[in-house]
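Below is one structure, written out as C-alpha cells; the observations come after it.
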Amino acid sequence: MRKNIVAGNWKMNNDLAETQTLVTELKMHINSSNCEVMIAPTFTNLWHAFEALRTSKIEVIAQNMHFADNGAYTGEVSASMLKSVGVKTVILGHSERRAYFNETDEMLAKKVDAALKNNMRVIFCFGEELADRKAKNHENIVGSQIKNGLFHLNSAAFKNIVLAYEPVWAIGTGETASPEQAQDMHAFIRKTLAAKYGDEVANEVSILYGGSVKPGNAKEIFSKPDVDGGLIGGAALKADDFFGIVKAF
Ligand code: 13P
C-alpha cells in the first residue's frame with residue numbers, strides 16, 4: 001500500500017525564533033494522523049527542528065542538497081551533512097530550484113543518485129509552466145522531467161522515491177489545479193512509470209500534488225485515486241492551516 005503524505009515546504013521562510021514557535025505549535029496539534037507528516041525548514045534550522053520534534057510523529061526533511069559528498073562547493077550542503085543532523089528525506093527538483101538556480105535534469109539525476117547512495121528518501125518535484133499547459137504540452141514536459149531525472153534508476157530504487165507534481169502556474173498563485181486536472185496528470189504519471197517499471201512499482205509510488213493547497217481544497221484533491229497527498233508551501237507556514245490539510249486524510 002502506498003503511503004499518504006503531507007509535507008510542508010517552508011522555502012526561505014522562518015528564522016530560528018519563528019521556527020521554534022511554529023514547530024512548538026505543530027507538535028501540539030499533530031500527534032496522530034492518517035498520513036505521514038513532514039516539514040522542510042531552511043538548512044540553518046534543521047537541527048533545532050529535529051531536536052524539537054524528536055519525540056513527535058513529524059519528520060524533518062531538507063529542501064535541497066548538493067550531489068557531491070564534500071569539497072570545494074562554497075555555500076552547498078551534502079547528503080552526509082543532512083544525515084548528520086538526522087535528516088532522512090530531501091526535496092529535489094523544485095521548480096524554484098530549476099528556475100532560479102538553473103538546476104537541470106542532468107544535475108537533478110546526479111542529486112537523486114547521491115541521495116539514494118546515502119540511503120535517503122527523495123521527494124522529486126516537477127511540473128509544467130502555464131504556457132506548456134495552454135499549448136497542451138503539459139504531459140510531454142512532465143514525462144520528460146520524470147524520464148530525465150529518474151529513469152536511469154532500477155525498479156528497487158523507487159522504494160525511496162516520492163513524486164511531487166507541482167504545476168508552476170499553481171505555485172503561490174492561489175490558483176489550484178482542479179481536482180480533475182490533478183487526477184488526470186497523476187494518472188498519466190503512474191502510467192508513465194508503469195510503462196517503464198511495471199504496475200507493481202507504479203502502484204507503490206506515492207504521488208503528491210503541490211500548488212495552492214489549502215485546508216478548504218485539500219480534501220477534494222486528496223480524494224482523487226492517484227493523489228497520495230500534498231506538498232504544501234504557503235499554508236505550511238501557519239500551524240492551523242497545515243493541521244487543517246493534514247486532517248483532510
Ligand atoms: P504553495 O502551496 O504556496 O502554492 O507552494 C507549493 C509549493 O511550491 C510546495 O513546494
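Hey, any hits in region 42-50 for a residue that's more than 21 Å from F249 (Cα to Cα) and either in contact with a Pro (Cβ under 7 Å, 6 or more places away or on another chain) or at pLDDT below 95 (or both)? Don't jump to the end; show me each part of the working.
First, pick out the residues of region 42-50 that are more than 21 Å from F249 (Cα to Cα): 42-50.
Imposing the further condition that a residue be either in contact with a Pro (Cβ under 7 Å, 6 or more places away or on another chain) or at pLDDT below 95 (or both) reduces the set to 49.
Yes, region 42-50 contains at least one residue that is more than 21 Å from F249 (Cα to Cα) and either in contact with a Pro (Cβ under 7 Å, 6 or more places away or on another chain) or at pLDDT below 95 (or both).
Looking for something outside any loop (DSSP other than H, G, I, E, B) and either open to solvent by 70 Å² or more (accessible area, probe 1.4 Å) or of a type in the set (V, I, T) (or both) - is there at least one such residue anywhere in region 69-79? Lay out the reasoning, then the answer.
First, pick out the residues of region 69-79 that are outside any loop (DSSP other than H, G, I, E, B): 79.
Imposing the further condition that a residue be either open to solvent by 70 Å² or more (accessible area, probe 1.4 Å) or of a type in the set (V, I, T) (or both) reduces the set to none.
Within region 69-79, none of the residues are outside any loop (DSSP other than H, G, I, E, B) and either open to solvent by 70 Å² or more (accessible area, probe 1.4 Å) or of a type in the set (V, I, T) (or both).
Which residue is surrounded by the fewest Cβ atoms within 10 Å (Cβ to Cβ), if the candidates are limited to region 87-112 and must be out of contact with any strand residue (DSSP E or B) (no Cβ under 7 Å at 6 or more places or on another chain) and part of a loop (DSSP other than H, G, I, E, B)? If you could, list the steps in order and put the result at the bottom.
Residues of region 87-112 out of contact with any strand residue (DSSP E or B) (no Cβ under 7 Å at 6 or more places or on another chain): 96-107, 109-110.
Cutting the leftovers down to part of a loop (DSSP other than H, G, I, E, B) gives us 101-104.
Working: F101: 10, N102: 8, E103: 19, T104: 11.
Residue satisfying both the conditions and the ranking: N102.
Inside region 201-248, can you point out the residues that are open to solvent by 10 Å² or more (accessible area, probe 1.4 Å), of a type in the set (A, V, I, L, M) and in a loop (DSSP other than H, G, I, E, B)?
A248
Give region 128-172 a look and list any residue that's open to solvent by 10 Å² or more (accessible area, probe 1.4 Å), within 14 Å of the ligand (Cβ to nearest atom) and of a type in the set (G, A, S), or say none.
Of everything in region 128-172, just one residue is open to solvent by 10 Å² or more (accessible area, probe 1.4 Å), within 14 Å of the ligand (Cβ to nearest atom) and of a type in the set (G, A, S), namely G172.
Might you let me know whether region 173-194 holds any residue that is within 11 Å of the ligand (Cβ to nearest atom), on the phi < 0 side of the Ramachandran plot and modelled with pLDDT of 95 or more?
Of region 173-194, the ones within 11 Å of the ligand (Cβ to nearest atom) are 173-177.
Retained after the next criterion (residues that are on the phi < 0 side of the Ramachandran plot): 173, 175-177.
From the residues that got through so far, the ones that are modelled with pLDDT of 95 or more too are none.
No, region 173-194 contains no residue that is within 11 Å of the ligand (Cβ to nearest atom), on the phi < 0 side of the Ramachandran plot and modelled with pLDDT of 95 or more.
Please state which of the following conditions N4 fails to meet, knowing it meets all the rest: (1) surrounded by 12 or more Cβ atoms within 10 Å (Cβ to Cβ); (2) out of contact with any Asp or Glu (no Cβ under 6 Å at 6 or more places or on another chain).
(2)
The values are calculated or read from the model by the stated rules, or taken from the named source; none is laboratory data. Predicted model, so just to flag it, every value in this text is computed and none were measured. Note that we place each Cβ from the backbone using ideal geometry, even for glycine, and neighbour counts take in every protein chain shown. To get the accessible areas, we keep the full protein, side chains included, count just its heavy atoms, and leave off ligands, DNA and RNA. Shrake-Rupley method; radii C 1.70, N 1.55, O 1.52, S 1.80 Å.
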